[in-house]
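Scroll down for the structure; my scribbles are underneath it.
Every number here is computed from the coordinates shown, using simple stated rules; none is lab data. These numbers were taken from a predicted model, which means no experiment stands behind them. Positions of Cβ are generated from backbone atoms using ideal geometry, with glycine treated the same way; all protein chains shown enter the neighbour counts.
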Amino acid sequence: MDGQSGGLASADTWLRQWVPRITSSPAFRQDGVLVITFDESDSPASDASACCGEGPGPNSPLPGIAGLGGGRVGALVLSPFVKGGTWSTTPYNHYSLLASIEDLFKLPYLGYAASPGLNRFGFDVYNARS
């Protein structure tokens, strides 16, 4: 931490510094993926409606502010395997991202990443040949 306050300005500063470094690295250009995601806030202007059927964790009665699944969040997936301008309407949740990463590395699933029917990143995301 640099001692500065958080928020969008700090996130933007961090992203401007690190994303170009990551995406210009040989490892990223060969077969990398960078996922930038954020979580919802509980401000009145945010969309905290439930989506994606995410169940509660071991220490929380509800995973979202207003029900199962948390609020709607965005994710940006950068990779040589993703065409620029791609967007998907497939509902994903945090466990979808975790399961997608576990699939890539052939790891066992943790927690709700093992849920049957959970959407994982597929050809709607990985739609370009490197």
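For this structure, a couple of remarks:
- Given their separation in residues at 0.36 nm each and the Cα-Cα distance between them, Trp14 and Phe38 gain 7.3 nm when the chain is fully extended.
- With the simple model of a label 7 Å out from the Cα in the direction of the Cβ, Ala27 to Thr90 spans 2.6 nm.
- For segment 88-127, the set of chymotrypsin sites (Phe, Trp or Tyr not before Pro) satisfying both a DSSP loop assignment and a count of at most 10 other C-beta atoms within 10 Å is given as Phe105, Phe123.
- FRET efficiency, 1/(1 + (r/R0)^6) with R0 30 Å, evaluated for Ser5 and Ala128 via beta carbons: 0.20
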